[in-house]
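Only one structure is covered here, and it is reproduced in the block below.
What follows draws every value from the coordinates through simple rules; no lab data is involved. Fair warning: this is a prediction, and the values are worked out from it, not measured in the lab. When we count neighbours, we look across all protein chains shown, and the Cβ atoms used for this are built from the backbone with ideal geometry, even at glycine.
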């Protein structure tokens with residue numbers, strides 16, 4: 001144990017990565033969220049990533065029951081939750097065992113010694129106690145009897161059972177970390193006051209334990225160092241911390257308000273997409289109609305019905321759910337109705353890794369339907385920009401009369417980050433193709449000349465009664481047609497309609513270098529990892545490496561090929577075995593697309609990326 | 001302000017598409033009955049929406065000059081639910097068959113009935129797959145020889161009525177495919193009923209299952225083999241209107257008025273509006289006589305009424321009028 005201290009000024013750091021780990025019932029998500037929110041209020045940039053088991057309450061002390069929450073805070077722009085840890089807080093042996101590998105050598109681990117019982121060590125499959133056997137010699141270990149200290153702090157608070165007392169030890173840990181990083185406890189105490197309004201003794205207990213942890217760290221000379229992280233330089237404005245799934249839901253709310261349409265959600269619970277449903281059901285005050293259906297198929301079909309009847313219609317799901325929705329998505333494409341399908345990707349195939357992240361549904365989104373059935377495919381890249389891409393998905397669906405699949409993933413959906421709040425007043429206009437009156441010779445498949453969007457005649461409108469359906473339609477009248485030429489014509493029109501969306505989306509831009517030796521290409525939720533790796537290389541002097549990140553997958557931005565031509569080598573990085581690269585190879589000849597892939601249910605590691613990119617420019 | 005509904009005739013509801021069912025199919029009777037029923041309902045043509053799945057029956061929307069969608073197999077209930085929840089002012093009709101609703105769409109069918117959205121469902125039951133040319137369906141009888149059961153069907157059938165009542169159906173009616181007048185009447189009643197109305201039509205398939213209901217629906221035997229139920233009226237049937245139903249223990253029993261001292265006063269009086277479905281279930285199961293007409297019509301709160309009440313309540317108590325109110329509320333902070 002290191003007992004040298006420390007009356008010196010806090011050390012100033014640019015950024016730190018902290019991970020809180022414990023049993024899935026230990027309140028690690030709450031602890032992590034409190035720490036990240038407090039840091040954001042302080043003005044740091046942050047990124048967070050929760051990591052929890054799919055069991056709601058896995059057996060106590062087990063290795064697979066470990067729940068974690070990682071937060072990356074900085075005075076500089078933060079784009080990922082970080083790789084290697086500066087501080088690990090382990091509430092039990094299992095948490096220590098499963099997370100120690102991520103802690104940087106020489107850095108700090110705080111452990112609750114009370115939890116290192118023989119039984120818990122066995123459950124964590126330790127043959128000897130790591131606190132005693134020297135296996136932690138490479139780290140600064142802070143041993144704290146947190147459970148006993150928590151009990152001690154609460155001994156005079158009446159009306160608490162033993163379980164509630166033990167459960168508040170996470171606040172002791174949080175109090176210690178607040179002191180270490182020079183954070184005030186005010187925000188969290190405010191939080192207790194609001195959250196437990198009707199339970200004054202719970203407020204009292206939590207506040208007491210939080211302060212006890214804080215003072216413990218301050219007064220006892222057990223803490224090797226105290227750090228401070230100054231506020232980050234961020235664009236001026238009003239911010240809040242937002243989770244990707246919430247941002248997605250809010251983008252849809254904004255689109256509904258801007259377009260003047262009512263929002264309809266048809267959905268079925270599935271990890272990790274369900275939080276979008278949870279969020280939207282709250283907003284009946286905006287007239288949101290959120291319908292929890294009997295299955296994934298009814299989720300999308302109810303949305304198709306609502307779209308036919310004139311609502312902005314959404315369905316949300318994850319990989320296996322998208323598979324179930326495939327046929328209905330084909331129908332929406334065939335009858336050319338606006339529809340937003342949100343797929344929060346998780347590890348696949350089949351049930352796969354429901355609580356882990358992956359980018360392996362790209363080809364499913366592109367092609368996972370019978371016949372030739374193109375749809376617009378977009379991908380959000382950070383928790384905050386889920387807002388923008390949900391909004392854009394709705395806008396494109398309404399303006400082009402087509403389904404749009406928006407891909408996010410478990411990593412950005414559950415991660416949170418500061419979001420500069422967007423007022424709907426400043427969002428781009430959303431047009432629609434609704435018609436109110438029939439012109440002479442009106443037909444339901446009459447199209448806008450520029451976009452090829454068909455007009456949207458909504459039930460209840462006199463004189464526009466018409467029938468649509470999954471059978472092929474005559475190009476003029478919209479009646480059922482088996483005429484061979486007509487089928488080919490309609491197949492081309494449907495493809496061309498999606499292709500023309502190119503005229504309405506922004507061109508792609510490179511970062512760090514306009515031209516050079518290597519272009520790093522990514523899409524979707526890997527923006528943060530790729531950006532920080534290329535930035536680090538740029539800071540190290542590799543000015544010949546550019547980076548570009550795709551949000552528009554189908555269609556691709558118009559200038560894609562021109563950009564590719566400006567680099568000698570291109571590497572496409574994805575959390576799958578190479579799906580986007582297949583699409584690029586289909587579109588663009590004459591490029592040697594290299595690949596960097598990872599299929600472990602985890603984000604890219606910074607070091608792996610750096611090593612790979614350096615290799616390519618050597 | 002409500003604008004007056006035009007006076008329509010069946011022609012207003014007839015589309016310009018050529019009807020392509022087999023000659024002699026009961027589907028023609030259903031189509032014409034609907035086209036005649038709609039002018040009696042007092043709904044505007046532009047407010048009527050037909051949603052179908054896949055199968056012979058599901059061509060129906062193309063022949064109606066209203067809004068319509070011929071969707072995908074089994075999924076009409078989901079689509080129709082979305083239409084109605086998006087715009088509760090519409091008159092929404094699901095057109096489906098025995099396979100479409102109870103095989104591939106079985107899950108949607110039961111949940112639709114459970115929720116009680118105010119829409120109507122007409123099930124064309126012909127105990128066979130017609131469009132795919134003659135395989136057994138979930139209502140085909142055990143032993144029935146079809147293209148996919150050449151030695152006889154081994155899968156016991158659903159009774160649509162029993163399934164529906166088990167799934168909390170509030171309105172269930174049954175009608176023979178060759179009785180247009182009664183059918184028209186039932187369509188009008190279904191539209192009037194607030195909640196999900198299910199009408200099972202015993203529809204003869206002339207090609208693949210000809211005569212499947214003849215023993216009940218043939219003109220010559222109809223009066224003796226069917227009891228047409230009317231709410232508040234005694235359960236009487238027969239050519240001479242001298243037969244009726246009484247309860248004997250836990251079973252319905254056929255009696256003859258004038259025999260063994262039975263008078264009309266002894267007969268059961270049909271109460272379609274009763275919440276307890278026990279007697280309705282017995283009527284649904286009866287095979288001599290088979291029950292037609294409105295078997296159950298229990299008034300209950302609809303899903304959209306519940307949703308509407310909740311929405312009004314939340315709106316009245318919420319401080320959020322615009323999304324900006326939400327976005328800027330709570331834990332925000334300034335970067336200067």
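The mean of 1/r over all distinct Cα pairs in chain B, once inverted, gives the Kirkwood hydrodynamic radius of 21.6 Å.
For segment A:11-229, the average shadow cast by the Cα convex hull is 11.6 nm², which is a quarter of the hull's surface.
The ranking of A:442, A:523 by Cβ neighbour count inside 10 Å, starting from the fewest, reads A:442, A:523.
Take A:369-377, A:327-335, A:245-253 and order them by the average number of nearby Cβ atoms within 10 Å per residue, most first; the result is A:245-253, A:327-335, A:369-377. Taking each DSSP H run with n ≥ 4 as -39500 (n - 2.57) and averaging over every residue of chain B yields -8000 deg cm²/dmol at 222 nm. Bridge orientation summary for segment B:216-333: considering DSSP beta bridges with both residues in this region, about 70 percent are antiparallel. So what is log10(I(q)/I(0)) for chain A at q = 0.10 1/Å, when the Debye sum runs over its Cα atoms only? Values, matching the q order: -0.92. Ordering of A:295-304, A:174-183, A:432-441, A:340-349 by packing is A:295-304, A:340-349, A:174-183, A:432-441, highest average first (other Cβ atoms within 10 Å, averaged per residue). Stretching the chain fully between residue B:246 and residue B:18 yields a gain of 77.3 nm (0.36 nm per residue, less the alpha carbon separation). Rounded to 0.05, the FRET efficiency of the residue B:331 and residue B:192 pair, given R0 = 56 Å and the Cβ-Cβ distance, is 0.60. Test of understanding: extend the Cα→C-beta vector of residue A:539 to 7 Å, then name every residue of segment A:584-618 with backbone N under 18 Å from that spot. Answer for segment A:584-618: A:605-614.
Placing a label point 7 Å from the Cα of residue A:471 along the Cα-to-Cβ direction, the residues of segment B:133-171 whose backbone N falls under 20 Å of that point are B:133-135. Label positions at residue B:315 and residue A:462, each projected 7 Å from the Cα along the C-beta direction, are separated by 2.6 nm. A simple spin-label model places pseudo-atoms 7 Å from Cα toward Cβ; at residue A:236 and residue B:264 they are separated by 9.0 nm.
Only helical runs count toward this figure. For chain A, summing -39,500 (n - 2.57) over DSSP H runs of n ≥ 4 and dividing by all residues gives -10500 deg cm²/dmol at 222 nm. Remark: segment A:240-426 is approximated by an ellipsoid whose semi-axes, taken from the C-alpha gyration tensor as √(5λ), come to 21, 20, 15 Å, largest first. Taking chain B as a Gaussian network of alpha-carbon nodes connected by springs under 10 Å, the highest mean-square fluctuation of the residues B:260, B:242, B:209 belongs to B:260. Peptide B:314-326 has a mean of 5 when you count, residue by residue, the C-beta atoms of other protein chains within 10 Å of its C-beta. Hey, with R₀ at 35 Å, roughly what FRET efficiency would residue A:164 and residue B:142 work out to, going by the Cβ-Cβ distance, to 0.05? The formula returns an efficiency of 0.05 here. Simple spin-label estimate for residue B:287 and residue B:4 gives 5.4 nm between the two label positions (7 Å along the Cα-to-Cβ direction from each Cα). With all pairs of different alpha carbon atoms counted, what Kirkwood hydrodynamic radius in Å does segment A:516-617 show? 13.7 Å is the Kirkwood radius here.
Each 10 Å bin from zero holds the following percent of Cα-Cα pairs in segment B:121-233: 13, 40, 35, 11, 1. Between B:57, B:149, B:297, the GNM of chain B built on Cα springs shorter than 10 angstrom shows B:149 fluctuating the most. Cα axis of helix B:303-317 to longest principal axis of chain B: angle in degrees, 0 to 90, nearest 10? Roughly 20 degrees, rounded to the nearest 10.
Of the peptides A:237-244, B:307-314, A:116-123, the order by per-residue mean of other Cβ atoms within 10 Å, starting with the highest, comes out as A:237-244, A:116-123, B:307-314. Taking 0.36 nm per residue of separation and subtracting the Cα-Cα distance, full extension of the segment from residue A:63 to residue A:186 would add 40.9 nm. The mean number of partner chain beta-carbon atoms within 10 angstrom of a residue's beta-carbon across peptide B:48-57 is 2. A full extension of the chain between residue B:114 and residue B:207 corresponds to an added length of 30.0 nm, given 0.36 nm per residue minus the alpha carbon distance.
Peptide A:252-259 has a mean of 2 when you count, residue by residue, the C-beta atoms of other protein chains within 10 Å of its C-beta. Here the calculated FRET efficiency for residue A:201 and residue A:76, from their Cβ-Cβ distance with R0 = 56 Å, stands at 0.85, rounded to the nearest 0.05.
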